[in-house]
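The block underneath contains the structure these notes are about, expressed in structure tokens.
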Amino acid sequence: MAVVENHRESAHEKRLVARLQAGEAEALSALFELHVDRVFAYARHLLGNREDAEEVTSETFLRAFERVASFRGECPFRGWLFGIARNLCYDRLRQPRLLLLEPEEAERRTDQGDGATQMETRALVRQAIAALPEEYRLALTLCDVEEWDAREVAATLQKSLPATKSLLYRARRALRARLTELWEEEEPTDDAMR
Amino acid sequence: MRCDELLGLLDLYLDGELPEEMARRVDRHLLRCPACAYEARTLEQTRAMLREAIPPAETSPGFRERAAARLLDAFADRLRPAQEVEGTPQWPLPFLREE
């Protein structure tokens, strides 16, 4: 069933690209609507803050639509689009002045009104995920936080479905292992305070 | 079901992607095998903690509208409204039409 839906979505996307190449304004809006949330989520998790992710998202669509006339459909449009998003994210990450200097809005929001233990646990999870390779972080956040279908993640990361599932398998276990290590490091401190 | 078989299916099981009969076999194994039950429980807990610590990405209010308007503005001179093109094939099966 998911394969059929995937095929239909891909056919729909191809028609929209052809219509945009023919200059239809509605096709531009439709392609934007189809992908904007995913491009934003991808950039948000890669860059770590919303403002940069929004700028990169806008820029991604501007670049993609500027170049759409030369898009030949040799790979899925979404893979091509995410390739542009990825390059823009890396460009941004290379700019030292744009490194994150403020707490993520996610931290500010989720930590409001919670107890110290919950905040510590969240901080520990964020520390653990930050220590993972980027590919692992993306697989985990896109599959397990954003709850994208593994096929969507595969298209985004430009990997096969089995390779994506294998990546997710390793990423989940790496996160668990890192969390366990961090907890074991924390425990002696807790004991010493008692 | 053997432990090594179960471990190969565990992610599919936790993602709810196993066929019902297979999921029941995994359930039965997890009830009998503490080591596999521990493996399943710690993976589930890790995912729950991840979701708790990192919320889904959310754009700021009005971002989509502003970005869409910026795009339409940037390409205004190259775009035209959709028109019915002569000879456009009719959809013989209306339920296949996605737009």
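Bear in mind these aren't lab numbers, they're just calculated from the coordinates by the rules spelled out. It should be emphasised that the depicted structure is a prediction, and the values quoted were computed from it without experimental measurement. Because the Cβ atoms are built from the backbone with ideal geometry, glycine has one as well, and the counts that use them run over all protein chains shown.
Below is a table of values for the structure above.
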quantity: Where labels lie 7 Å past Cα in the beta-carbon direction, separation of A:C75 and A:L161 in nm; calculated: 2.0 nm
quantity: HN-Hα J in Hz across segment A:83-89 - Karplus 6.51, -1.76, 1.60, θ = phi - 60°, x for Gly and Pro; calculated: x, 5, 4, 4, 4, 5, 4
quantity: Backbone HN-Hα couplings from phi across segment A:162-171 [Karplus 6.51/-1.76/1.60, Hz, Gly and Pro as x]; calculated: x, 5, 5, 5, 5, 4, 5, 4, 5, 5
quantity: Approximate spin-label separation B:A35-B:A48, in nm, with each point projected 7 Å along Cα-to-Cβ; calculated: 2.5 nm
quantity: Derived scalar couplings ³J(HN,Hα) [segment A:127-135; Karplus, 6.51 cos²θ - 1.76 cosθ + 1.60; whole Hz; x for Gly, Pro]; calculated: 5, 5, 6, 5, 7, 7, x, 3, 4
quantity: A:E24 long-range amide H proximity, modeled H, under 5 Å; calculated: B:R80
quantity: Kirkwood-Stokes translational diffusion coefficient of segment A:48-94, alpha-carbon pairs, 25 °C, 0.890 mPa s, µm²/s; calculated: 221 µm²/s
quantity: Spin-label model distance (nm) - A:R170 vs B:A69, 7 Å beyond Cα toward Cβ; calculated: 4.6 nm
